[in-house]
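Novice: Have a look at this one.
The values are calculated or read from the model by the stated rules, or taken from the named source; none is laboratory data. What you see is a predicted model; the values in this text were computed from it and never measured. Heads up, the Cβs are rebuilt from the backbone with ideal geometry, glycines too, and the neighbour counts pull from every protein chain shown.
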Amino acid sequence: MILLKKITNCLTILGLTVALTTSCSNEKDPKEVAEETNDQNLTEKEEKGADHLVEAYSANMYEIQASENAALNASTAEVKKIATMMIEAHGKMNVDIEKLAATKSVALPNDLTDDQRKDIEKLTEKNGVDYDKVYISKMKDKHEDALDMLNKVSEKCDDSEIKAWAQKTAPEVSAHLEMVKAAEDNLKNR
């Protein structure tokens, strides 16, 4: 009888574990949750501006986490220095976005997307100079995308505050991009 109770308890715990794991893996992407919340709570015009803030915030979270990883795992002093700078700079950028979003009742993602997590996991599979090259390449791509988005927002956004934020942020992102390109050139011969 005691053995049967133990088996039943084990099966119950196993069933709950499977159910919780399944329900957790079906959770929505944090970026999508923020976008859906904004879709429900904002006007169509407000939502367009909100989408830019969500995109930038999510991208900054990715760059911060990837850079925290690089600060620990990069093999060259130059890449470690860039990673440390990225953590600080993109952290400050996200504080600015949080303040702006709060004034506009914009929901922001609370975590990385699954794709962003997987991308960082793939990065950690590398080591040495190969790690540095992949990290720098990712930072180059992310900064090119961010700069493109910020330039479009600077020109076309209807919301004057979001437009001003993009205009203020673009030069810093551009400077990061130049720094990353220089590091990429330095790593080519290694």
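Novice: Here is a list: LYS140, LYS99, LYS118, LYS122. Which entry is surrounded by 16 or more Cβ atoms within 10 Å (Cβ to Cβ), assigned to a helix (DSSP H, G or I) and free of Cβ contacts under 8 Å to residues at least 60 places away in the same chain?
Specialist: LYS140
Novice: Conditions: (1) modelled with pLDDT of 95 or more; (2) surrounded by 15 or more Cβ atoms within 10 Å (Cβ to Cβ). LYS92 meets all but one. Number of the miss?
Specialist: Exception for LYS92: condition (2).
Novice: Condition first: aliphatic (A, V, I, L, M), in contact (Cβ under 8 Å) with a residue 24 or more places away in the chain and assigned to a helix (DSSP H, G or I). Now tell me which residues in region 73-96 satisfy that.
Specialist: VAL79, ILE82, ALA83, MET85, MET86, ALA89, MET93
Novice: Which residue pairs have Cβ atoms closer than 8 Å, lie 6 or more positions apart in sequence or on different chains, and pair a first residue in region 60-72 that is in contact (Cβ under 8 Å) with a residue 12 or more places away in the chain and within 14 Å of ILE82 (Cβ to Cβ) with a second residue that is assigned to a helix (DSSP H, G or I) and of a type in the set (D, E, K, R)?
Specialist: Correct list of pairs: GLU63/LYS142; ALA66/ASP119; ALA66/LYS138; ALA70/LYS80; ALA70/ASP132; ALA71/LYS80.
Novice: Please go through region 125-135 and pick out each residue that is surrounded by fewer than 14 Cβ atoms within 10 Å (Cβ to Cβ) and among the charged types (D, E, K, R).
Specialist: GLU125, ASP130
Novice: For region 29-80, which positions are of a type in the set (Ser, Thr, Tyr) and under 14 Å from LYS138 (Cβ atoms)?
Specialist: TYR62, SER67
Novice: Suppose we keep only residues that are within 27 Å of ALA70 (Cβ to Cβ) and surrounded by fewer than 15 Cβ atoms within 10 Å (Cβ to Cβ) within region 145-167. Which one would you say is farthest from the chain's Cα centre (by Cα)?
Specialist: ASP148
Novice: Out of ASN41, ASN60, report the one residue that is more than 29 Å from LYS133 (Cα to Cα) and among the polar types (S, T, N, Q).
Specialist: It is ASN41.
Novice: Okay, next question. I'd like the full set of residues that are buried (at least 20 other Cβ atoms within 10 Å of the Cβ), under 13 Å from ASP119 (Cβ atoms) and not hydroxyl-bearing (Ser, Thr, Tyr), limited to region 57-69.
Specialist: ALA59, MET61, GLU63, ALA66
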